[in-house]
1. Look at Met155 and say whether it is of a type in the set (A, V, I, L, M, F, W, C), in contact with a Gly (Cβ under 8 Å, 6 or more places away or on another chain) and at pLDDT 95 or above.
2. Any idea how many residues of the stretch 784-828 are in contact (Cβ under 8 Å) with a residue 24 or more places away in the chain and not aliphatic (A, V, I, L, M)?
3. Counting only residues that are touching an Asp or Glu at 6+ places or on another chain (Cβ under 6 Å) and surrounded by fewer than 19 Cβ atoms within 10 Å (Cβ to Cβ), how many does the stretch 143-184 have?
4. Going by the structure shown, is Met181 over 30 Å from Gln41 (Cα atoms) and either more than 16 Å from ligand 1 (Cβ to nearest atom) or part of a strand (DSSP E or B) (or both)?
5. Across the stretch 709-756, which residue is surrounded by the fewest Cβ atoms within 10 Å (Cβ to Cβ) among those that are among the polar types (S, T, N, Q) and assigned to a helix (DSSP H, G or I)?
6. Which one of these does Gly79 not meet: (1) within 16 Å of ligand 1 (Cβ to nearest atom); (2) small (Gly, Ala, Ser); (3) touching a residue at least 60 places away in the same chain (Cβ under 8 Å); (4) on the phi > 0 side of the Ramachandran plot?
7. Got at least one residue in the stretch 563-571 being under 30 Å from Leu684 (Cα atoms), buried (at least 18 other Cβ atoms within 10 Å of the Cβ) and of a type outside the set (Phe, Trp, Tyr)?
Amino acid sequence: MKNLITKIFGTKHERDVKKLMPVVAEINEHFEKLASLSEEQLKAKTEEFKKRLAEGETVDDLMTEAFAVVKEVCRRLVGQTWDVVGLPSTWNMVPFDVQLIGGVALHEGKIAEMATGEGKTLVATLPTYLNALTGKGVHIVTVNDYLARRDREWMGKIYEYLGLTVGVIQNQMDNAARREMYKTDITFGTANEFGFDYLRDNMAQRAEDRVHRNYHYAIIDEVDSILVDEARTPLIISGLVEETTVHDRYREMRPMVETLVRKQTVLINDMVSKAEKLLEGGKSDDEFETGTLLLAAQRGAPKNKRLLKLMKETGVKRLVTDVESSYMRDKKLHEIDDHLYYFIDEREHTIALTDLGNSQFSKEEQKLFEIPDLSTMLSELEGDTSLTPEERQKKADQYYSLHAERSEKVHAINQLLRAYSLYEKDVEYVLQEGKVMIVDEFTGRILPGRRYSDGLHQAIEAKEGVQIEAETQTLATITLQNYFRMYEKLAGMTGTAETEAAEFWEIYKLDVAVIPTNVPCVREDLEDQIYRTRREKYNAIIEEITEKNKAGQPVLVGTVSVEVSETLARMLKRMGVPHHVLNAKQHQHEAEIVANAGQRGAVTIATNMAGRGTDIKLGPGVVDLGGLHIVGTERHESRRIDRQLRGRSGRQGDPGSSIFFLSLEDDLMRLFGGERLGGIMDRLGVKEGEVITHAMVTRAIERAQKKVEAQNFAIRKHTLEYDDVMNVQRKWIYERRLAALERESIKDEVVELIESVLDSLIEQYCPEKEYPENWNMGSFTEELRKIYLLNLQTKPEDIPKLTRESLKETVLKAVTTYYNQKEAAYGEPIMRQLERYAVLSTIDRHWRDHLAEMDELRTGIGLRAYHGGMGKPIDLYKREAFGIFETMINTIDKEIINLVYKLQVNIPEPTRSERRRQPSMVATHADSTGMGLTAPSPVMDPTGSQPANPMAAASQAGNQTTQTIRRTMPKVGRNDPCPCGSGKKYKKCHGAGE
Ligand code: ADP
Ligand code: MG
């Protein structure tokens, strides 16, 4: 039925494209007319367009003409040769009609889905030129530094021909270079660089250190990998935490955890043996017991090799699932866990010590990680009248630090357990030169300098016995989602967006437009080949490659990890098949290697994204051999990534084929589709060594993928929901900070604060509804002394006569006088600097702590909601976050004033040391590693440990140079309002003498 309708009316996308045909005709009409223009006349179009924009026309009005101009420039460049990333390249592209349509979609702020090899790089030039005419800057976002440079050098010619300026941001650039790049009309760079620059701008100590100019229009290339894959975790800039005892904690606990892991292994092996025996017996009465044993084994060591082997036997997986469901229904899973030392729930991302595990420690040790019940202790303390308030405060502080210390210990144990049970060397990470290095799930590349967050990296370092490196503290963070939402207009392009269209719409309000290919795609996507074991699967893959290779047909093998790449490479070597492997060790050449993957006889093994963005052209004679053959070695958790792999073949109407080899031991199957598949295979009577290809199995796999996709979407949405709360606060803080940084004077703000802080003190200590006798004059006086350095003396007999008004007046007069005297003594310029420093340093310090506090709150909320059924965690979080933020603002206000009063004149010093500290910062973008297991799960972690949030250093904080050049203050016009905030004109106020 559905098919019939689309047959008659076409899909929505086809109809949308049809609607654009008149626009394409219009562009081409303009284009025809441009041929007769001289070079000068063509170049003059830019000025003409700019003028028309200034006179009130819009970019929409200019679209068809501007696109035609770009097309004409392309035509004129044909045959010209220039260097692109060091290689001479001859221009041969004039946009096809489908490319014009893609350009329109991008201009309209949509995602253009265009297959690989359709020439998206060129498509982007059309809307880029048009939107850059506004002078507000266009950012073109690429997936890596290499592609940013390539596209800048490749496409830059068009813009420069038309008189626009072009820049590219590279990871190692310093601030000054970056700022120049952002000043250009069109700036290329990676999402991480753009995002980190935003964060660093908001940590700048001087206005002139900021690099961004505008967030006007961004076109994101490979938009799905950036807005979906990378968006699972936020960008983080962190600095070292002073305390160094963390190292010791992991080292100290390692032996205990190791003992526990060993004990658990013995236990699990025993369980598995018992289950094996029962299975051999084959009595149906024993089934439940067998299932229970295996379920326990699974919860105790999900990656145990013998267990995994057993699970592959006919019906076993189904049995375990049934038993699990029955325990879950009765809410009795804990009965299973009681037999273990610790348990792991892969789906829930939890890991925790059980009572049995706990009892393995000595009584003393157990005490060390017993987390005290803070709220009860504090409320008891509250009621303890035998203590003075000071003593109570001291006690409370002790409780807090005890609680923190114990929580950290438990956290360390959990992270160590995680490191031992879920993180395997050479899969999730590798050891190189005594360092634990993360392997990127998507690219399979080693990520130098990146670290898992939250102590997990330290735990792995402890496990491997290498040097444990210092833990860092978050200084600034933002999700990519909230970064890109700042742009006035956003657009994206990719070969694979459709499966995630709902998410693009929901999160970014981005529509997906599917653009037809220039030439129909004839690639043949073959049916999946499914085996029981990995070993059988690998053998079949090698056979496939060898066979194609004998005929000379090029093969591109896609893998999900470096380990698989290397296994296959070893096997191919034994067979004497020459091949290239793309992984961390060769990534500088990977673009060149991939470019040659279409040559006769080429065998290329590449992890998911290695070499993405590079065009694979077919070599001579390869068309007759059937084109490029793609071999997938495992299903990825997202269908989109599989489509990407297939899409590398069959570009621009080339012949080609793709096929996936799968096994029941693959992670995806194991976790999400296993029981169902095992059942299907049993029913079909598949025996060891046999391959099956069956639509039912393929559908089951797709269902499993959809399940994981939905789960990952939920995780991203979740991360975003929490970041949204933070986003409001971040904007508020950054705006206030920016004002302090950029305004010549913030005297008005300070003067206002002097009064409002006083008001709040009066409100707090001298409430209106109380008689003056009952006011807390002691604390009030104490606060005045602390904040304003004011020594207020009130004779006891005078107190009853006080009014709030008179009190305020007296104090305000005194503190204002002091302020004015200080200003007069130091001079205005220094006073202004001092105020600026007071605001910046106070905001930065508190914001840093706030970030940590919000993190804790989030984990805590998850816990409480999990146990207490206190409504949706996010609502709870919002409420509490608001309270914490409000308190912080109050404290900030007080501290700013206090600094203004307290600081002595040598204040530039701290500013400088502050700046010196910055090179030790690392910009990190956490990456999701593994089968969704390690993706951050901000709540629902009943162990109380924070979620494994694998994180990674993407770029060094761009060399913050410590220049001593002072910006000359912009001059205030005589008729402008006076910067002191008096409201008077400058000439009548501070400018009177000039
Ligand atoms: P995509 O990013 O869509 O995968 P690219 O931008 O890398 O594709 O371009 C793929 C190849 O297609 C390029 O090498 C380019 O030579 C070719 N190409 C793109 N557009 C045209 C065109 N209009 N005419 C001729 N060749 C083109
Ligand atoms: Mg591309």
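The values are calculated or read from the model by the stated rules, or taken from the named source; none is laboratory data. Bear in mind the structure is a predicted one, so any value in this text is a computation, not a measurement. FYI the Cβ positions are ideal-geometry reconstructions off the backbone, even for glycines, and counts take in every protein chain you see.
1. Working: of a type in the set (A, V, I, L, M, F, W, C): yes; in contact with a Gly (Cβ under 8 Å, 6 or more places away or on another chain): no; at pLDDT 95 or above: yes.
When the stated conditions are applied, Met155 does not pass them.
2. Step one: list which residues in the stretch 784-828 are in contact (Cβ under 8 Å) with a residue 24 or more places away in the chain, which gives 784, 786-790, 799-804, 807-808, 811-812, 814-816, 818-819, 822, 826, 828.
Now narrow it down to the ones that are not aliphatic (A, V, I, L, M): 786, 788, 800-801, 803-804, 808, 816, 818-819, 822, 826, 828.
Adding up the residues that qualify gives 13.
3. 2
4. Spelling it out, it is not the case that Met181 is over 30 Å from Gln41 (Cα atoms) and either more than 16 Å from ligand 1 (Cβ to nearest atom) or part of a strand (DSSP E or B) (or both).
5. First, pick out the residues of the stretch 709-756 that are among the polar types (S, T, N, Q): 711-712, 719, 727, 729, 745, 756.
Cutting the leftovers down to assigned to a helix (DSSP H, G or I) gives us 711-712, 719, 727, 729, 756.
Working: Gln711: 16, Asn712: 19, Thr719: 23, Asn727: 18, Gln729: 19, Ser756: 13.
In this case the residue turns out to be Ser756.
6. Only one criterion in (1) within 16 Å of ligand 1 (Cβ to nearest atom); (2) small (Gly, Ala, Ser); (3) touching a residue at least 60 places away in the same chain (Cβ under 8 Å); (4) on the phi > 0 side of the Ramachandran plot is unmet by Gly79, namely (3).
7. Residues of the stretch 563-571 that are under 30 Å from Leu684 (Cα atoms), as a first pass: 564, 568.
If we keep only those that are buried (at least 18 other Cβ atoms within 10 Å of the Cβ) as well, we get 564, 568.
Applying the additional criterion that residues be of a type outside the set (Phe, Trp, Tyr) yields 564, 568.
Yes, some residue in the stretch 563-571 is under 30 Å from Leu684 (Cα atoms), buried (at least 18 other Cβ atoms within 10 Å of the Cβ) and of a type outside the set (Phe, Trp, Tyr).
Residue by residue, here is whether (1) within 16 Å of ligand 2 (Cβ to nearest atom); (2) of a type in the set (Gly, Ala, Ser); (3) surrounded by fewer than 23 Cβ atoms within 10 Å (Cβ to Cβ) holds:
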{"site": "Ile186", "(1), (2), (3)": "no, no, no"}
{"site": "Glu193", "(1), (2), (3)": "no, no, no"}
{"site": "Arg210", "(1), (2), (3)": "no, no, yes"}
{"site": "Arg213", "(1), (2), (3)": "no, no, yes"}
{"site": "Ile220", "(1), (2), (3)": "yes, no, no"}
{"site": "Leu227", "(1), (2), (3)": "yes, no, no"}
{"site": "Pro234", "(1), (2), (3)": "no, no, no"}
{"site": "Ser238", "(1), (2), (3)": "no, yes, no"}
